[in-house]
Amino acid sequence: MNLSYENLMNHKISYFNIKDIASILDINLGLALVEQAYTLISQGGIDSPSKISVFLPENSDCVKAWINAMPALIKTDNVVGQKWVSVCSNNSSKNLPTTIGTILLNDAISGVPLAIIDGTYITHIRTGVSLAIGVKYFTDTHLDELTLIGAGSEARTALLAISKIRNLKKIRLFDINPLNVQSLISELGEKLNAEFVICKSAEEASYGSKCVISCTTASEPVVYKQWCDPLAFISSLSGVRDIDLNIINSSQHIVFDRTESAIKRIEALSNMHISKDKAVDLCDYIANNNQQPYLANDKGFTTYLPLGLGGVDVYIANYIYSNNNSLKQLNF
Ligand SMILES: NC(=O)c1ccc[n+]([C@@H]2O[C@H](COP(=O)([O-])OP(=O)(O)OC[C@H]3O[C@@H](n4cnc5c(N)ncnc54)[C@H](O)[C@@H]3O)[C@@H](O)[C@H]2O)c1
């Protein structure tokens, strides 16, 4: 066999499954790593190009089904990687997570593959944490109540992460599937020292709320402007899909994890025009205002739309690989 093939085959690939990741990555580590990644993205230490979506056969008006390629270069460590993550909203009927990811890391100098890493657990932790970081920087430190619409995987890590940032006393919850509400409460009830109020509608859950977080797979708006406190912090994981567009129009600040790529993606997927005048870039905000935790709003909502950045996922994956790379190795 060609010598160069033999040399390549002498390399080992590390493999980390969900259990491996869950034993290493917790919410506290997630909070630290996601903030570091946001800062590095702003400062140029991480390149995080826009994600690309491939729509899957079941994708339709009422079923969300796609897979995203989310590449990134961690310049500080000469590692390049990609998260390949699907969102298949019918998966609960198959008893599978809606969001399933895999991360591949390569040496950025030679291109040699280094690791295959579960991206499902990393996605759940970093997504919940990204919501908590929004709460940290864009809500009053005294916030002790919130509304959560959707009680799936991302909602759970969001609650765990927000409870590290704010002293939550009351959580109003709504999900179209009451079983998901029950299972969320049995999973988190004892971990969070808060009262859970199960609501019969999204309106009841968000009425007058100062903090509304939507973590649904809905294809239509579930949260409307007229229900929320006029100065509320409102966040959605779905871009603008599951919140009323009047919320965007009535916002004083629209915070994106990365403004440029988020606006491009939202405009491409929704035909909506978003003005950059109100936009706040979270990566830049954290890099430049680390000691100023609260961007106050006195003229409207603060809407927070963290669309997800490959640079954050690959940074976390690389941290896990670099600190545990002898865990399980496969021949190339
Ligand atoms: N922005 C990001 O970085 C990012 C990352 C991962 C997932 N997501 C998105 O987050 C959303 C949630 O993902 P997940 O993995 O938690 O999915 P999940 O299936 O675990 O949870 C979704 C929940 O939404 C509920 N729901 C659906 N329609 C609803 C409605 N009309 N009203 C109330 N509840 C409703 C479902 O019953 C379910 O409990 C998805 O839209 C996914 O695309 C975003």
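Numerical summary
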item	result
Distance between modelled label sites at Glu58 and Gln43, nm, 7 Å Cα→Cβ extension	4.3 nm
Separation between Cα centres of the stretch 44-113 and the stretch 261-332, rounded to whole Å	15 Å
Between helix 27-43 and the chain: long-axis angle, C-alpha atoms, 0 to 90°, nearest 10	80 degrees
If the convex hull is drawn through the Cα atoms of the stretch 130-309, its volume per residue in Å³	105 Å³
Share antiparallel - DSSP beta bridges, the chain, percent rounded to 5	50 percent
Relative packing of 130-142, 162-174, which averages over residues the other C-beta atoms within 10 Å, highest first	130-142, 162-174
Estimated FRET transfer efficiency (Asp298, Asn78; beta-carbon r; R0 56 Å; 0.05)	0.75
Options Ser236, Leu73, Val212, ranked by Cα towards positive dipole end of the chain, top entry (Cβ charges)	Leu73
The stretch 136-196: GluC sites (Glu not before Pro) in DSSP loop, at most 11 other beta carbons within 10 Å	Glu190
Using alpha-carbon coordinates, inclination of helix 310-324 to the longest axis of the chain, degrees	50 degrees
Separation between Cα centres of the stretch 207-260 and the stretch 156-185, rounded to whole Å	17 Å
Inter-probe distance in nm under a simple model that places probes 7 Å from Cα toward Cβ, at Asn167 and Asp26	2.2 nm
Cα-based Rg / Dmax (Å) for the stretch 218-278	11.1, 30
Least to most buried among Cys283, Cys211, Cys88 (fewest other Cβ within 10 Å first)	Cys88, Cys283, Cys211
All-pairs Cα distance distribution in the stretch 166-240, expressed in whole percent, bin size 10 Å	18, 51, 29, 2
Angle between the chain longest axis and helix 153-165 axis [Cα atoms, degrees, rounded to 10]	80 degrees
FRET efficiency for Asn325 and Lys264, using Cβ-Cβ distance with R0 set to 41 Å, rounded to 0.05	0.70
Convex hull volume per residue in cubic angstrom - Cα atoms of the chain	139 Å³
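Each reported figure results from applying straightforward, stated rules to the coordinates on display, with no laboratory input. Being a predicted model, the structure only gives us computed values, none of them experimental. Because the Cβ atoms are built from the backbone with ideal geometry, glycine has one as well, and the counts that use them run over all protein chains shown.
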